[in-house]
Amino acid sequence: MARTVAALRATVRHHSARFERAIPLIASENLLSPYAKEMLISDLHSRYAEGLPGERYYEGNEDVDTIERVTLDLARRLFRCSFADVRPISGTVANLAVLKALTEPGDLVGTSRLADGAHISSAGFGAFGLRGVKPVYYAWDPERMTIDVPRTREILRAVRPKTCLFGLSLFLFPMPIDELRPTLEEIGARGWYDGAHVLGLIAGGEFQDPLREGCTVLSASTHKTLPGPQHGILLAEGADPALAKKLESGAFPGVTSNHHLHAMAALAVSLAEHLEFGREYARATVRNARALAQALHDRGFDVLAADLGFTRSHTIAVRVEREGGGEAVARRLAEVGVITNKNLLPGDTSPKHPGGIRIGTPEVTRVGMGEREMVRLAEILDGFLHRGRAAETVAREVAELKAGFTTLRFCFGAGEAAYRYYDLVGRDPA
Ligand code: DSN
């Protein structure tokens, strides 16, 4: 078994080195700051603390109570809201906690279709199915890549769901919550926003602010545009004590037992760093997404929503049927070190043959790339996918572009290695 462990360590080092050389463009990924990473390997990882601060089921939790109170306070400050719960251990788990709090099995819940960019939580085979609620799908406007408001008003008035979920995994533009708010009020539905993808942009003032636009509850994962640990969060504004209690009991004992204390402490660091650097980071992330979209469009790529400026978030969508289809293009790009994912786009007829790729700028922005690097990246992709440049040459160009950008920005302790786990703890296992 010693050999197995050695091999596992070597594989992890190989993975880290690969990503250090690569240009990761997955819209749902980001890099954790050195101080946040330190929390993940602390003793907290080994402990239990079910419940809330001051109401634990285990002894020895005095420092955990302090950490959780600080995390809650930072979350409420960053999102300017009265309620936070930092115990869900992922975005999907946060969504399950909300479903438990807001719905009963058999309820109808408004949401978007997977093909229009919704997260799998909304699917019958995902969290919706687990809670036994039934989706009521909003109408979609593929030109504007957002909800079709007039048609959706009609659907909501006809079906009258009690809860309406807004949020996407292919999230280019804000959702028209403000416009739908009167209809939600008319039918007595509560607005719920899954902000996993855009959480750091919301906090940085670069996207819509759902808690002030008509949603009572905001659920999210904490590791996308908010560059925190893989974890979850619940936030609410205007929730009465009964709803707050339901959300808390949705989180525990509803969908968690222990809540991963090391990740919670890492989240506290990330929230504090976002209070300090989040505005600048969010602005740079959106600026880079738009710059990359424009540069790809200028080179003949079919970037969606060109008439609307491509995106107002960290994400762009590129239809790549001419280049070989989403699956083949994403795979070819990975071979030269550009990491993206195949993605269904509006109009695709088979989930097995996605026509596009999704590209996100959270990570490249975090390591300090700017608009100049986005243009260079577009040149590299154009050379590879349109002009037949050899994979070996392109892989070298990708590594050269990345070479100057392997340390983190927008965090305390910046300058420490971003990708090398062992550098962080000061020992090399080799
Ligand atoms: N599956 C993630 C994404 O890539 O969007 C969200 O959980």
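Among the numbered conditions (1) among the charged types (D, E, K, R); (2) part of a helix (DSSP H, G or I); (3) crowded, with 22+ Cβ neighbours inside 10 Å, the only one that ARG87 does not meet is (2). Scoring LEU168 on the criteria (1) in a loop (DSSP other than H, G, I, E, B); (2) within 16 Å of the ligand (Cβ to nearest atom); (3) in contact with a Pro (Cβ under 9 Å, 6 or more places away or on another chain) leaves a single failure, condition (3). Please indicate, with yes or no, whether at least one residue in region 29-38 is exposed (fewer than 12 other Cβ atoms within 10 Å of the Cβ) and away from the ligand (no atom under 16 Å from the Cβ). Checking region 29-38: not a single residue is exposed (fewer than 12 other Cβ atoms within 10 Å of the Cβ) and away from the ligand (no atom under 16 Å from the Cβ). Comparison of GLU416, GLU373, GLU379 shows that the only residue that is surrounded by 13 or more Cβ atoms within 10 Å (Cβ to Cβ), modelled with pLDDT of 95 or more and within 25 Å of the chain's Cα centre (by Cα) is GLU373. Given the criteria within 16 Å of the ligand (Cβ to nearest atom) and either surrounded by fewer than 22 Cβ atoms within 10 Å (Cβ to Cβ) or at pLDDT 95 or above (or both), does SER82 qualify? Considered against the rule, which asks whether it is within 16 Å of the ligand (Cβ to nearest atom) and either surrounded by fewer than 22 Cβ atoms within 10 Å (Cβ to Cβ) or at pLDDT 95 or above (or both), SER82 comes out as no. Is one or more of the residues making up region 93-112 farther than 27 Å from ALA268 by Cα, of a type in the set (Asp, Glu), without any contact (Cβ under 8 Å) to a residue 60 or more places away in the chain and in a helix (DSSP H, G or I)? The answer is no, given that none of the residues of region 93-112 is farther than 27 Å from ALA268 by Cα, of a type in the set (Asp, Glu), without any contact (Cβ under 8 Å) to a residue 60 or more places away in the chain and in a helix (DSSP H, G or I).
Identify all residues within region 231-256 that are modelled with pLDDT of 95 or more and assigned to a loop (DSSP other than H, G, I, E, B); write none if there are none. Correct list: HIS231, GLU237, THR256.
Could you tell me which residue of region 29-58 is farthest from ALA378 (Cα to Cα), considering only residues that are assigned to a loop (DSSP other than H, G, I, E, B) and among the aliphatic types (A, V, I, L, M)? Top of the filtered list is ALA49.
Look through region 178-215, keep the residues that are small (Gly, Ala, Ser) and in a helix (DSSP H, G or I), and return whichever of them is surrounded by the most Cβ atoms within 10 Å (Cβ to Cβ). If we take residues in region 178-215 being small (Gly, Ala, Ser) and in a helix (DSSP H, G or I), then GLY200 is surrounded by the most Cβ atoms within 10 Å (Cβ to Cβ).
Looking only at region 1-28, filter to residues that are among the aliphatic types (A, V, I, L, M) and part of a helix (DSSP H, G or I); which one of those is nearest to the ligand (Cβ to nearest atom)? So, considering only residues that are among the aliphatic types (A, V, I, L, M) and part of a helix (DSSP H, G or I), the one nearest to the ligand (Cβ to nearest atom) is VAL12.
The values are calculated or read from the model by the stated rules, or taken from the named source; none is laboratory data. If you're wondering where the values come from, they're calculated on a predicted model, not measured in any experiment. Ideal geometry is used to build each Cβ from the backbone, glycine not excepted, and the neighbour counts take in all protein chains shown.
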